[in-house]
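Following: one structure in structure tokens, then a few remarks.
The values are calculated or read from the model by the stated rules, or taken from the named source; none is laboratory data. These numbers were taken from a predicted model, which means no experiment stands behind them. Cβ sites come from the backbone with ideal geometry, for glycine too, and all protein chains shown count toward neighbours. Side chains are part of the model used for accessible areas, which takes the heavy atoms of the whole protein and leaves out ligands, DNA and RNA. Shrake-Rupley method; radii C 1.70, N 1.55, O 1.52, S 1.80 Å.
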Amino acid sequence: IVTRITAIEELAAVTILCSDKTGTLTTNKLTIDKTTHKCYGPFSADDGILLAAYASRTENMDAIDACIVGNLGDTSRARAGIKLLDFKPFNPVDKRTEITYREEASGKLKRVTKGMTGIIIELCTRNKTEELEERLEADVEEFALRGLRALAVAYEEVEGDDPEAEGNGFELIGLLSIFDPPRDDTKQTIDDAMALGVKVKMVTGDQLAIAKETGRRLGLGDHMYPSKVLKEGPPPGTKYRSLDDI
């Protein structure tokens, strides 16, 4: 809705459009990026996400649990076919959640934990090797470079009927990446603007790695700088000699 007719003239003269990222270019809603899922055991990516949903709250959910359970499509699957016996919610000390449950189909007791990768890998006595640790570290680093948050998932079985009994040792089964995805119409809108001769720039207070990943997905590229260049000029080692060059 145009309230001043001169606004149309001003808009027609726009050559560069600067847009906020979170909630404008993106949905401002965390989701799991299935395309980057890493599997380490005999479980598929879908299995890993389902087990991670078991190890999530289904009520009073935080943002991480909500995005995992929501990724199932049907949120009731997070408790379907299992009987909850014990649940340990996330806390700042353990940095993980844990569920012990009975699988209704087999009657077996099982346990799943999800959380910070460094914490989870230390629990994985069943398949932890130097090679696995190096692979996990490389995968986490790859996620970090792309601005993706990493969440590790591990699984064990428990003998007998005591939900507090020790299991047969956790096995690392997956690494989930969590991301705030672009809105469905964002890429097309940017493409349309560029086709009309308007350069689109992204301005965000988010981490640089996250900004670059969003830029790559939207066709904006990853040629970005932190705001301190406005005061200090181009960082050393770049091809730019001054702020005007940038």
(request) Go through the stretch 149-158 and give me each residue that's hydrophobic (A, V, I, L, M, F, W, C), open to solvent by 10 Å² or more (accessible area, probe 1.4 Å) and touching a residue at least 60 places away in the same chain (Cβ under 8 Å). (result) LEU151
(message) Only one of ARG111, ARG146 is basic (Lys, Arg) and more than 30 Å from ASP222 (Cβ to Cβ). Can you tell me which?
(response) ARG111
(message) For the stretch 176-204, which positions are more than 23 Å from HIS37 (Cβ to Cβ), in contact with an Asp or Glu (Cβ under 8 Å, 6 or more places away or on another chain) and either loosely packed, with under 15 Cβ neighbours inside 10 Å or aromatic (Phe, Trp, Tyr) (or both)?
(response) VAL203
(request) Among residues belonging to the stretch 85-115 that are among the polar types (S, T, N, Q) and open to solvent by less than 20 Å² (accessible area, probe 1.4 Å), point out the one that is nearest to GLY48 (Cα to Cα). (result) THR113
(message) So the check is Cβ under 7 Å with 6+ separation or different chains; which pairs have a first residue in the stretch 71-95 that's free of Cβ contacts under 8 Å to residues at least 60 places away in the same chain and a second one that's in a loop (DSSP other than H, G, I, E, B) and open to solvent by 80 Å² or more (accessible area, probe 1.4 Å)?
(response) GLY81/GLU104; GLY81/ALA105; ILE82/GLU104; LYS83/GLU104; PRO89/ARG57; LYS95/MET116
(request) Report the residue count in the stretch 116-148 for those that are touching a helix residue (DSSP H, G or I) at 6+ places or on another chain (Cβ under 7 Å), open to solvent by 20 Å² or more (accessible area, probe 1.4 Å) and touching a residue at least 60 places away in the same chain (Cβ under 8 Å). (result) 3
(request) Please specify each residue of the stretch 1-23 satisfying the condition of being in contact (Cβ under 8 Å) with a residue 40 or more places away in the chain and open to solvent by less than 70 Å² (accessible area, probe 1.4 Å). (result) VAL14, SER19, LYS21, THR22
(request) For the stretch 214-245, enumerate the residues that are in a loop (DSSP other than H, G, I, E, B), open to solvent by 70 Å² or more (accessible area, probe 1.4 Å) and over 30 Å from ASP184 (Cα atoms). (result) LYS228, PRO236, GLY237, LYS239, ARG241, LEU243, ASP244
(message) Can you go through ALA45, ALA66, ALA52, ALA78 and tell me which one is in contact with a His (Cβ under 6 Å, 6 or more places away or on another chain) and either closer than 21 Å to ALA165 by Cβ or open to solvent by less than 50 Å² (accessible area, probe 1.4 Å) (or both)?
(response) ALA45
